[in-house]
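This report refers to the structure that appears directly beneath it.
The values are calculated or read from the model by the stated rules, or taken from the named source; none is laboratory data. Everything numeric here is computed off the predicted structure, so don't read it as measured data. Surface areas here come from the heavy atoms of the whole protein model, side chains and all, with no ligands, DNA or RNA. Shrake-Rupley method; radii C 1.70, N 1.55, O 1.52, S 1.80 Å.
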Amino acid sequence: MRKFFSTLFAILLGLILVTFAVANRHFVTVSFDPFNAANPSVSVSLPLFALIIAVAILGVIAGGCATWFGQRRWRRAARQHEADARHARAQLAELRTAPRGEAARPALAARGLYLAARRDKQGATL
């Protein structure tokens, strides 16, 4: 269903762009000389639809770059959190593979963690 709507949207957008291009075929002159408007030294003559579509594309690119630069703080934080999570996973794997000695059990019992040692207060196995 999503692919259908994407295709439908692309077809409608294409029809709108073609209609816009046919309706705005006349040429316009774009001048880059602010001092001599009557006879500019740097100017380009192109169809109006090409100019408007090019400006829209440049606007989308500029907006994307501004958003990308604005989100760099969040990307940096995500990289840091990912590194922390990798480190924590490595520590957890190391603790799980470490041998459990009998020396650890009295320390657990002294702190009241009987369930972790699988023994109750009197030392009976659970």
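For a quick check of understanding: with a 1.4 angstrom probe and all protein chains in place, what accessible area in square angstrom does LEU13 have, to the nearest ten?
80 Å²
Would you kindly find the accessible area of VAL60, with a 1.4 Å probe and non-protein molecules such as ligands, DNA and RNA excluded, rounding to the nearest 10 Å²?
110 Å²
Once amide H atoms are built 1.01 Å from N in the peptide plane, which residues 5 or more positions from VAL30, or in another chain, come under 5 Å H to H?
VAL44, SER45, LEU46
Please list 3J(HN,Hα) in residue order for the range 4-15, calculated via the Karplus relation 6.51 cos²θ - 1.76 cosθ + 1.60 where θ = phi - 60°; whole Hz, with x for glycine and proline.
4, 5, 5, 5, 4, 5, 5, 5, 4, 4, x, 4
Quick one: what Rg and Dmax do you get for the range 1-84 from the alpha carbons, in Å?
20.7, 64
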